[in-house]
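**Student:** This is the structure I want to talk about, given as structure tokens.
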Amino acid sequence: VRTESLDMSTLFGQIKAENGQIISQSTGLLEQANNGYLIVSANLLLANPRCWPQLKSAVLGESISPINCDKRSLLPELPSQSYNIKLIIVGDRHQLGDIDFLDSDIHAGLCLFSELELDIKIDQHTMPLYLGYLRWMIERYRLPTLTSGAIEAVMTAGARYTEDQHYAPLCLMWHRALLEESAIESQGKSIEKLHVIQVIESRYYRASYLPERALDDILDGQVIIETQGKQVGQVNGLTVIDVAGHPISYGEPARISCVIHFGDGDIADVERKVELGGNLHAKGMMIMQAFVSSALDLDVPLPFSASVVFEQSYSEVDGDSASLAELCSLVSALSEYPIDQQIAVTGAVDQFGRVQAVGGLNEKIEGFYRVCQHQGFTGQQGVILPKSNLKHLALHPQVIDSIKNDQFTIWPVSTVDEAIPLLMNKPFRGDDEDSVISKIAARIAYFEKHIQPHGIMERIKNWFV
């Protein structure tokens, strides 16, 4: 027995009495599921926590009485019954964690815990199983058959849903909604690839108000995003916007800038200082700062201080996926080498300069692509991303066509040394005097020799200048 509603009466049944006699009685879920299984959503249980103690007693075999719906008509003794049921609570880890907080006996031997796979890795062994799953769903819900092209489109949509080309979702509701909407598009005939694509496009159209308004702000110049030219200390980062109550996440480029000034080597994270940056973002900034200090290999602290900021950002920023972009803006400001604004950057970095995978990749790329498309393609625009993210790509067909036509480019990188030359047309490090690290070292040496005040009085005087 499965239920979508839960309260004391529906669970244990209820009786109605007059003059001390039972005149009506309704069975509850426990009686309906007797000698069987009762499946309850964790959400329902958390919404009705007062049901849990008696439900737990019933599972343990204790006698339970139905609910008297009229407290004014008292019975000398309520009938009671014991049940032989197995209770299945279905929920995600957070919900089950809340239930564990409600009753610590959950994981103390009272219950058996099992995890269900939310996706399946597609290979030569599992592909027949997944196709069988689709066939079962078509038969179960009496849907039109799928052509091979439609199956390909469903699997492409699934790869985007799971954010992995090698996996397909096993979510029944996701598949059912997609296939039923595709059946409507096909008007009851065989579902073809075009029908699935039309459903996906229609879904985006219905939910596209916010991303389209954000794009309008960029095109109107209210939000400054440059997709041509070069700038020192400025780079196009990529973000994913999540709005509560909105069904989709969407990508939006963010202008990340860095300026430097005389100081003690501190790199100020403006987002963090004004409490708009989360802990993960702060961690990414500190890792990036450690890498730059290590790459410069200085005997003394950096004589410059820097300020890094997400320009025109008025909401909380979290995650370390912008740390590569922030690093690029920092070394650009330090070396005074300009960054190509035709290229956007996403990726996290570690303390050794390796570029690490990030999430929301498809949304990020498509967000920058739309801006480039409306501001005009130059043939040199594109996105730098972690090489380890390549298997997560499931881009919109329009973006794929532009890549094939050399209008837009994807540059996968594994290290900072690979990313910097793409943005600045200069090697990051090496014996070359034009390398970014060499230029920064030369600026530091010049600054210490000609500009930096040496005496204590000169330093104090400098504070008031």
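**Student:** Please arrange PHE304, PHE447 by counting, for each residue, the other beta carbons lying within 10 Å of its beta carbon, fewest first.
**Tutor:** Lowest to highest Cβ neighbour count: PHE447, PHE304.
**Student:** Anything in the chain that counts as a DSSP H helix reaching 24 Å or more along its axis (C-alpha) with Kyte-Doolittle mean of at least -1.0? List them, would you?
**Tutor:** Answer set is 279-296.
**Student:** Same structure again: Quick check for you: which residues of the range 323-351 have the amide N under 15 Å from the point 7 Å beyond the Cα of ASN425 toward its beta carbon?
**Tutor:** Those under the cut-off are 337-343.
**Student:** Please order ASP98, ASP417 by the number of other Cβ within 10 Å, starting at the fewest.
**Tutor:** Ordered by Cβ neighbours within 10 Å, fewest first: ASP98, ASP417.
**Student:** Now for a different question. Skipping prolines and chain starts, which residues have an amide H placed within reach, meaning under 5 Å, of the one on VAL309, given they are 5 or more residues away or on another chain?
**Tutor:** SER257
**Student:** Ok, one more. According to a simple spin-label model (label point 7 Å from Cα along Cα-to-Cβ), what is the distance in nm between ILE403 and LEU219?
**Tutor:** In this crude label model, LEU219 to ILE403 measures out at 2.4 nm.
**Student:** Additional query: Run the quick spin-label model on ALA445 and ASP98: label points 7 Å from Cα toward the beta carbon, then report their separation in nm to one decimal.
**Tutor:** Placing both labels 7 Å beyond Cα along the Cβ direction yields 6.2 nm.
**Student:** Suppose the chain between LYS86 and ASP297 were pulled fully straight at 0.36 nm per residue; how much longer would it get relative to their current alpha carbon spacing?
**Tutor:** 69.5 nm
**Student:** Please state the Cα pair-distance histogram of the chain with 20 angstrom bins from zero: what percent is in each bin?
**Tutor:** Distribution as computed: 19, 38, 28, 13, 3, 0 percent.
**Student:** Further question: Arrange ASP266, ASP164, ASP406, ASP431 by Cβ neighbour counts within 10 Å, fewest through most, would you?
**Tutor:** Neighbour counts put them in this order, fewest first: ASP431, ASP406, ASP266, ASP164.
**Student:** Under 12 Å from the Cβ of CYS111, count the other residues' Cβ atoms, weight Lys and Arg +1, Asp and Glu -1, and hand me the total. Could you put the intermediate results ahead of the total?
**Tutor:** Numbers: positive: LYS56, LYS86; negative: ASP100, ASP103, ASP105.
Taking every other residue near CYS111 into account, the sum is -1.
**Student:** Continuing with this model, one more query. Report, largest value first, the span of the C-alpha coordinates of the range 284-350 along each principal axis, in whole Å.
**Tutor:** Principal-axis extents of the range 284-350 (Cα, largest first): 38, 24, 20 Å.
**Student:** If you bin every alpha carbon distance in the range 119-206 into 10 Å steps from zero, what whole percent lands in each bin?
**Tutor:** 18, 55, 26, 2
**Student:** Step through the table entries LYS283/LYS364; LYS391/LYS426; LYS283/LYS387, compare each Cα-Cα distance with 26 Å, and write down the pairs that go over it.
**Tutor:** The answer is LYS391/LYS426.
**Student:** Sticking to Cα atoms, compute the Rg of the range 217-448 to one decimal and its Dmax as the biggest Cα-Cα distance, whole number, in Å.
**Tutor:** Here Rg and the maximum Cα pair distance are 17.0, 54 Å.
Read the figures in this text as sums done on the coordinates, not as results from a lab. Model, not experiment: these values are computed from the prediction. Positions of Cβ are backbone-derived with ideal geometry, glycine not excepted, and every protein chain shown enters the neighbour counts.
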